[in-house]
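Here the structure comes first, spelled out in structure tokens, and everything after it is commentary.
The values are calculated or read from the model by the stated rules, or taken from the named source; none is laboratory data. Keep in mind it's a predicted model, so treat the numbers as computed, not measured. So basically every Cβ, Gly included, is an ideal-geometry build from the backbone, and we count neighbours across all protein chains shown. All accessible areas refer to the heavy atoms of the entire protein, side chains included, with ligands and DNA or RNA removed. Shrake-Rupley method; radii C 1.70, N 1.55, O 1.52, S 1.80 Å.
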Amino acid sequence: MRNVIRLVLHQPDMPQNAGALMRLAACLGVGVDLIEPLGFVLDDRRFRRAVLDYGGGLELARHASFDAFLKSPPPAGRLVALTTSGDTPHTDFAFSPGDCLIVGRESVGLPEAVHRAAAARLVVPMMPGARSLNVATAAALVLGEALRQTNGFPAATPR
């Protein structure tokens, strides 16, 4: 796995979204960090249904807490938070190899401790009055931009 960019799921509480993000990561060669506690059992049938058979190609690391994630081993690049309270549009941000994109719980987002630890807090530009995107949709948009900027997309292969 190339590890150009990593995707970090902070205490996800919807297995369908976590599964969709892990499938996306597996298809794009992106490693995933899961920060516990999770709001579901990892072998939940909805999770397995979303990941399908892509789970075997996924580089997955589980961490007991946010502090454990930061310590073992520390992220290679910056911690970049995707948040509705972000101050920089993701389209204006210069991503670097090794950046770790972190998304929060669908129900409450990221805690303040994660906001403080992040090198940047990004927001996806939306229409006035729109509150938020689905976490998997937002992460896919930002991950795509990060991979584009860092030339991190895998080479196209015939199916």
* To do: State the percentage of accessible surface on the stretch 6-150 attributable to carbon and sulfur atoms; use a 1.4 Å probe and exclude ligands, DNA and RNA.
  => 54
* **Where a label projected 7 Å from the Cα of C27 along Cα→Cβ would reach, residues of the stretch 109-144 with amide N under 18 Å** => 134-144
* To do: Just need the Rg to Rh number for the stretch 6-150, please, alpha carbons only, Kirkwood Rh.
  => 0.93
* Structure fact -> Checking G29, G39, G129 against a Gaussian network model of the chain (alpha-carbon springs below 10 Å), the top fluctuating residue turns out to be G129
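Magnitude of the Cβ-charge dipole of the chain, K/R +1 and D/E -1, about the Cα centre, nearest 20 debye?
Values: 16 positive and 14 negative charges, 60 e Å.
Its charge dipole is roughly 280 debye.
At 1.4 Å probe size, with every protein chain present, just tell me what the per residue accessible area of the chain comes to in Å².
Using a 1.4 Å probe on heavy atoms only, each residue of the chain averages 52 Å².
Hey, with R₀ at 22 Å, roughly what FRET efficiency would R62 and A113 work out to, going by the Cβ-Cβ distance, to 0.05? Display every interim value, and only then the final one.
Working: r = 19 Å, r/R0 = 0.86.
Given R0 = 22 Å and the Cβ-Cβ separation, E is 0.70.
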* Asked: What full-extension length gain, to one decimal in nm, is calculated for L133 and D92 as 0.36 nm per residue of separation minus the Cα-Cα distance?
  -> 12.9 nm
